[in-house]
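Throughout, read-outs are computed from the coordinates displayed, never taken from laboratory work. Bear in mind that the values here come from a model prediction, so they are computed numbers and not experimental data. Virtual Cβ from ideal backbone geometry, glycine too; neighbours counted across all protein chains shown.
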Amino acid sequence: MPTALIIGASRGIGHELARQYRLDGWRVIATARKPHDLDDLKQLGAEPHALDVTNTEAIAGLGWKLDDEKIDTAWLVAGLYGPRHDGFPTQDDFDAVMHTNVLAAMRLLPIVAPLVASTRGKLGVLSSRMGSIGGRTGANGSLYRASKAALNSVLRDTAINFGPQGATCIAFHPGWVQTDMGGAGAQITVEESVRDLRATLAAATPEANGSFLNHDGDPLPW
Ligand SMILES: NC(=O)c1ccc[n+]([C@@H]2O[C@H](COP(=O)([O-])OP(=O)(O)OC[C@H]3O[C@@H](n4cnc5c(N)ncnc54)[C@H](OP(=O)(O)O)[C@@H]3O)[C@@H](O)[C@H]2O)c1
């Protein structure tokens, strides 16, 4: 039975990833930060682990827990949009978005990627097309855009460091998805996005290491 690790599985895309992998019979290790979400993940048949991705001690705890694990597929999903206005960002807004979307990845990926490399497995990071600099046509959500561009940089470094050891590391745009973040008017359902994300990552060969892909596998400009 293959093992999936989902970081940020309380709701939205992360929860649906946990649900679909369980339906397919995978062993799922899933993180959330609230007790009732951990209970819910247990009900799904996942192995829950408490993690606030901005808490360094909790990240170290996850590292201890996963010490001997071999992970076939890992997803870093937890993310924060931050302020919906495009005015002057406060220090608190900046810290919350950058710590959740960037600093957490810089701390978590060096722990997770070797476990994925040990199975010659796959690592997906939930980025966003809004982080693309080459493909940018709008400027709303500037703080979120900057955080996802920085996350893409972290993913590229992870791919360079752990690709040669066997991990295939990919940044994904999941689509504009009907979740709390995407809103009810978003283009695609969470089931559809996750079905595509799983299929695209599963089909990825080592040559895809270090790429930025749409959920359906189309390449995106950095
Ligand atoms: N939905 C879209 O249209 C869309 C488009 C492009 C990219 N994305 C990206 O896809 C990912 C998932 O998005 P979504 O739509 O599923 O978002 P969502 O419904 O808002 O869910 C966000 C998830 O991130 C978790 N999270 C946030 N801060 C955290 C922290 N400090 N520690 C642990 N977990 C934390 C939340 O946990 P709690 O429940 O504990 O808050 C929740 O599980 C994000 O990285 C997002 O940027 C989404």
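Taking the criterion of being surrounded by fewer than 16 Cβ atoms within 10 Å (Cβ to Cβ) and under 15 Å from G63 (Cβ atoms), the only residue of the stretch 81-106 that qualifies is M106.
Number of residues in the stretch 183-216 that are within 16 Å of the ligand (Cβ to nearest atom) and either within 13 Å of the chain's Cα centre (by Cα) or in contact (Cβ under 8 Å) with a residue 12 or more places away in the chain (or both) equals 19. Filtering the stretch 178-196 to residues that are surrounded by 13 or more Cβ atoms within 10 Å (Cβ to Cβ) and either touching a Pro at 6+ places or on another chain (Cβ under 7 Å) or part of a loop (DSSP other than H, G, I, E, B) (or both) leaves Q178, T179, M181, G182, A186, T189, S193. Filtered by the rule that a residue be buried (at least 23 other Cβ atoms within 10 Å of the Cβ), more than 12 Å from the ligand (Cβ to nearest atom) and small (G, A, S), the stretch 160-177 gives a lone residue, A167. Taking the stretch 1-107 and the helices (runs of 4 or more DSSP H) fully enclosed by it, the elements with 1 or more residues that are near the ligand (Cβ under 10 Å from one of its atoms), over 24 Å from T200 (Cβ atoms) and charged (D, E, K, R) are at 35-43.
Residues of the stretch 1-19 that are surrounded by fewer than 19 Cβ atoms within 10 Å (Cβ to Cβ) and either farther than 21 Å from L66 by Cβ or under 15 Å from the mean Cα position of the chain (by Cα) (or both): R11 alone. Counting only residues that are crowded, with 24+ Cβ neighbours inside 10 Å and closer than 19 Å to S147 by Cα, how many does the stretch 109-122 have? Of the residues in that region, 1 qualify. Just to be sure, is A202 part of a helix (DSSP H, G or I), exposed (fewer than 14 other Cβ atoms within 10 Å of the Cβ) and touching a strand residue (DSSP E or B) at 6+ places or on another chain (Cβ under 8 Å)? For A202, the condition - part of a helix (DSSP H, G or I), exposed (fewer than 14 other Cβ atoms within 10 Å of the Cβ) and touching a strand residue (DSSP E or B) at 6+ places or on another chain (Cβ under 8 Å) - is met.
Here the condition is being small (G, A, S) and at positive phi; of G61, G45, G87, it holds for G45 alone. Residues that are surrounded by fewer than 16 Cβ atoms within 10 Å (Cβ to Cβ) and either touching a residue at least 12 places away in the same chain (Cβ under 8 Å) or of a type in the set (A, V, I, L, M, F, W, C) (or both) within the stretch 20-34 comprise L23, G25, K34, listed in sequence order. Residues being within 20 Å of T119 (Cβ to Cβ), assigned to a loop (DSSP other than H, G, I, E, B) and either in contact with a Lys or Arg (Cβ under 8 Å, 6 or more places away or on another chain) or of a type in the set (A, V, I, L, M) (or both) are represented in the stretch 153-166 by at least one member.
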